[in-house]
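Below is one structure, written out as structure tokens; comments come after it.
The values are calculated or read from the model by the stated rules, or taken from the named source; none is laboratory data. Bear in mind that the values here come from a model prediction, so they are computed numbers and not experimental data. So basically every Cβ, Gly included, is an ideal-geometry build from the backbone, and we count neighbours across all protein chains shown.
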Amino acid sequence: MIANHGIAVLLSFEGPDRYSSVGGLGTRETSFARALGDADVVTTLVFVGDPSLPAVEEFAPNVTLRRWCQWLSEYHPLNVYDGEAGKVDDYTASVPRFVADEIVAAAAAAGERVLVIAEEWQTVGATIALDALLRARGLRDGVTILWNANNTYGFDRIDWNALGRAAAITTISKYMKFELAQYGVSSLVVPNGIHESLLDGPPREMVSKFRAALRGKPSLVKVGRFDPDKNWLQAIDAVAELRAMDYEPQLIVRGGREPYGDVVFDRALQRGLTVERVEASGDDSVAVANALATSDADVVHLKAFLPEETLAALYAAADAVLANSGKEPFGLVGLEVMAAGGIPVCGATGEEYADPFVNAIVCDTSDGRELAEYLSTSFGDERAADRMRQAGYSTANRYLWQTVLETLAHKVAYVAGGRG
């Protein structure tokens with residue numbers, strides 16, 4: 001129960017399917033839905049799902065998936081954002097009726113309140129339309145609607161006045177609260193969370209296999225979309241600077257299909273680094289480890305979809321994980337690295353959990369020399385690395401969804417008390 005709300009609806013483009021999980025939003029929605037279900041909140045996640053999977057699926061205790069826009073996704077097989085404009089229109093036109101007819105009406109008849117949390121700019125139209133529909137049907141007082149901003153993408157497309165009338169606006173960090181304020185928008189902060197299962201860590205034997213595959217080299221891992229905001233060039237420049245310091249680091253990269261990847265690998269070649277593309281079945285951690293063991297390249301471009309367990313093992317085995325974005329609204333990857341027992345390298349924007357050289361390495365600039373300097377002082381200092389890993393694990397414990405849901409409950413109670 002979240003502040004007298006026993007039913008929740010999450011509205012998002014991303015979700016748990018490979019098709020739908022492009023960035024951190026898919027991870028957030030998946031773990032958020034599970035956490036609500038664990039808290040005995042009957043939860044429905046409405047997302048743009050894989051067209052080949054069931055439209056309705058019981059996903060976890062108290063959690064139902066509703067895959068939307070599947071008829072459109074059949075024509076756009078790349079991922080959830082392929083054919084985005086048409087999907088936004090379809091989502092806006094059809095989701096509000098579903099929520100009102102199938103969830104809110106039944107809850108009202110049973111005397112229960114519904115909490116709706118919509119994510120990102122793609123759901124703004126649906127949020128505004130849902131508010132209007134519920135008001136027209138006399139059902140709005142039984143529903144609390146929040147709209148959450150995870151990043152600034154699409155802010156220029158939002159009618160903030162209309163959205164503010166339809167929903168209370170939340171966000172995930174003080175950094176994002178400041179970004180919203182630039183648009184004259186006030187917001188409530190509810191941080192991201194991680195599921196407690198992450199604290200179990202990856203299997204030790206899997207971590208050992210990856211450590212063996214890395215062969216004692218100073219090893220760095222960077223996972224994410226190929227986007228300038230992710231400071232890929234800083235990562236490449238840092239490897240080159242470390243080589244100039246007589247270290248022999250290896251950077252393992254798993255990016256997306258974005259064209260900016262060509263810029264990243266061109267920079268590596270310009271800096272005199274060797275680049276090798278390595279393919280493996282991500283569902284087989286042994287195959288991934290064996291593939292990495294075959295490469296002596298400075299930059300290894302790993303082509304594999306890595307499940308959560310395999311990623312966690314790679315995080316734990318590496319000397320550092322580069323989550324060094326220049327603009328990171330929260331930095332969920334950093335927390336995931338800490339939970340796995342790894343050392344994250346963060347930027348200096350929304351990663352409020354990162355304490356420099358205590359539980360993470362924190363860069364203030366996009367200069368590769370800064371990153372290289374911090375990494376060089378940590379290579380080979382096992383005692384300092386162990387202290388940082390232990391401090392990071394303690395930090396991850398403070399950001400479990402159970403704790404975050406307590407914060408959410410207070411914010412929901414405030415919103416519901418003031419506007420319904």
**Message:** Suppose we filter the range 233-276 for residues that are within 27 Å of the chain's Cα centre (by Cα) and small (Gly, Ala, Ser); how many remain?
**Reply:** 6
**Request:** Looking only at the range 258-268, decide whether some residue is assigned to a loop (DSSP other than H, G, I, E, B) and either surrounded by 18 or more Cβ atoms within 10 Å (Cβ to Cβ) or free of Cβ contacts under 8 Å to residues at least 12 places away in the same chain (or both).
**Result:** no
**Asked** Within the range 207-264, which residues are among the small types (Gly, Ala, Ser) and in contact with a helix residue (DSSP H, G or I) (Cβ under 6 Å, 6 or more places away or on another chain)?
**Response** Ala213, Gly224, Ala238, Gly255
**Item:** the range 330-344: number of residues that are over 16 Å from Leu199 (Cα atoms) and either free of Cβ contacts under 8 Å to residues at least 40 places away in the same chain or out of contact with any helix residue (DSSP H, G or I) (no Cβ under 9 Å at 6 or more places or on another chain) (or both)
**Value:** 1
**Asked** Of the conditions (1) under 28 Å from Ile2 (Cβ atoms); (2) at pLDDT below 95, Ser376 fails just one. Which one is it?
**Response** (1)
**Item:** Qualifying residues in the range 269-291 (those that are assigned to a loop (DSSP other than H, G, I, E, B) and hydroxyl-bearing (Ser, Thr, Tyr)) - the one farthest from Ala372 (Cα to Cα)
**Value:** Ser281
**Request:** Return yes or no: is Gly341 on the phi > 0 side of the Ramachandran plot, in the same structural domain as Lys217 (by TED's automatic domain parsing) and either surrounded by fewer than 18 Cβ atoms within 10 Å (Cβ to Cβ) or in contact with a Gly (Cβ under 9 Å, 6 or more places away or on another chain) (or both)?
**Result:** yes
**Asked** Are there any pairs, at least 6 apart or on different chains, whose C-beta atoms fall under 8 Å, with the first in the range 309-329 and over 14 Å from Ile361 (Cβ atoms) and the second among the basic types (Lys, Arg) and surrounded by 23 or more Cβ atoms within 10 Å (Cβ to Cβ), and if so, which?
**Response** Gly326/Lys230
**Prompt:** Failed condition for Val116, given (1) crowded, with 16+ Cβ neighbours inside 10 Å; (2) hydrophobic (A, V, I, L, M, F, W, C); (3) assigned to a helix (DSSP H, G or I), with all others met?
**Reply:** (3)
**Message:** For the list (1) crowded, with 22+ Cβ neighbours inside 10 Å; (2) in contact (Cβ under 8 Å) with a residue 40 or more places away in the chain; (3) outside any loop (DSSP other than H, G, I, E, B), I need the number of the one condition that Gly6 fails.
**Reply:** (1)
**Request:** Sort out which residues of the range 362-418 are under 18 Å from Lys222 (Cα atoms) and in contact with a Leu (Cβ under 7 Å, 6 or more places away or on another chain), and write them in order of number.
**Result:** Cys363, Ala372, Leu375, Ser376
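Conditions tested, residue by residue: (1) at pLDDT below 95; (2) in contact with an Asp or Glu (Cβ under 8 Å, 6 or more places away or on another chain); (3) surrounded by fewer than 18 Cβ atoms within 10 Å (Cβ to Cβ); (4) among the aliphatic types (A, V, I, L, M).
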residue	(1), (2), (3), (4)
Ser52	no, no, yes, no
Asn62	no, yes, no, no
Cys69	no, yes, no, no
Glu74	no, no, yes, no
Ala85	no, no, yes, yes
Val88	no, no, no, yes
Pro96	no, no, no, no
Ile103	no, no, no, yes
Ala106	no, no, yes, yes
**Prompt:** Would the range 319-335 turn up any residue that is assigned by TED's automatic domain parsing to the domain that holds Glu279, crowded, with 18+ Cβ neighbours inside 10 Å, within 17 Å of Phe210 (Cα to Cα) and small (Gly, Ala, Ser)?
**Reply:** yes
**Message:** Is it the case, given these coordinates, that Ala240 is in a helix (DSSP H, G or I) and within 25 Å of Gly347 (Cβ to Cβ)?
**Reply:** yes
**Asked** Counting only residues that are under 13 Å from His301 (Cβ atoms) and out of contact with any strand residue (DSSP E or B) (no Cβ under 6 Å at 6 or more places or on another chain), which one in the range 225-257 is surrounded by the fewest Cβ atoms within 10 Å (Cβ to Cβ)?
**Response** Arg257
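Rundown of residues vs (1) in a helix (DSSP H, G or I); (2) in contact with a strand residue (DSSP E or B) (Cβ under 6 Å, 6 or more places away or on another chain); (3) buried (at least 20 other Cβ atoms within 10 Å of the Cβ); (4) among the hydrophobic types (A, V, I, L, M, F, W, C), yes/no style:
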{"position": "Asn148", "(1), (2), (3), (4)": "no, yes, yes, no"}
{"position": "Thr152", "(1), (2), (3), (4)": "no, no, no, no"}
{"position": "Asn161", "(1), (2), (3), (4)": "yes, no, no, no"}
{"position": "Arg165", "(1), (2), (3), (4)": "yes, no, no, no"}
{"position": "Glu179", "(1), (2), (3), (4)": "yes, no, yes, no"}
{"position": "Leu199", "(1), (2), (3), (4)": "yes, no, no, yes"}
{"position": "Pro202", "(1), (2), (3), (4)": "no, no, yes, no"}
{"position": "Val207", "(1), (2), (3), (4)": "yes, no, yes, yes"}
{"position": "Arg211", "(1), (2), (3), (4)": "yes, no, no, no"}
**Request:** Report, by residue number, each residue of the range 297-311 that is at pLDDT 95 or above and either part of a loop (DSSP other than H, G, I, E, B) or surrounded by 24 or more Cβ atoms within 10 Å (Cβ to Cβ) (or both).
**Result:** Ala297, Asp298, Val299
